[in-house]
Amino acid sequence: MPMRKQDDLEAGEAVVQPLRPEGEVITRAVERREILPLWRAPSGVPLRIESIQADKATEKRLLSMGMPLGTLVEILHRRGGAVVLAVGGARLAVGADMARRILVEPI
């Protein structure tokens with residue numbers, strides 16, 4: 001049976017990875033891509049900024065804070081709707097309104 005690329009697989013289908021040096025077979029399920037607002041994202045999980053649903057001024061503000069699209073962030077704390085993020089070696093606080101406008105994907 002020919003091997004199929006991961007992109008060709010359906011959600012929930014098992015993927016067999018190559019053997020590790022110890023001879024252990026690695027399998028994992030292909031998960032659907034889940035993009036959600038930052039305020040709903042899980043804490044302690046690496047997240048990638050996928051989209052910003054805001055005006056140009058807000059986009060520029062996030063860029064000046066070191067958070068362009070594709071940036072990896074992690075939620076450290078939640079305070080109401082606001083979140084404290086780890087971005088690289090820095091910590092940044094993002095208000096509730098901005099946290100609703102930033103769409104992220106857990107990785």
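The values are calculated or read from the model by the stated rules, or taken from the named source; none is laboratory data. Quantities reported herein were computed from a predicted structural model and do not represent experimental measurements. Cβ coordinates were reconstructed from backbone atoms using ideal geometry, including for glycine residues, and neighbour counts include every protein chain displayed.
Give me the residue from region 13-39 that is exposed (fewer than 11 other Cβ atoms within 10 Å of the Cβ) and at pLDDT 55 or above and, out of that set, farthest from Leu72 (Cα to Cα).
This residue is Arg32.
Here is a list of conditions, (1) at pLDDT 90 or above; (2) hydrophobic (A, V, I, L, M, F, W, C); (3) more than 19 Å from Val87 (Cα to Cα), and Leu72 meets all of them except one; can you say which number that is?
Among (1) at pLDDT 90 or above; (2) hydrophobic (A, V, I, L, M, F, W, C); (3) more than 19 Å from Val87 (Cα to Cα), Leu72 violates only (3).
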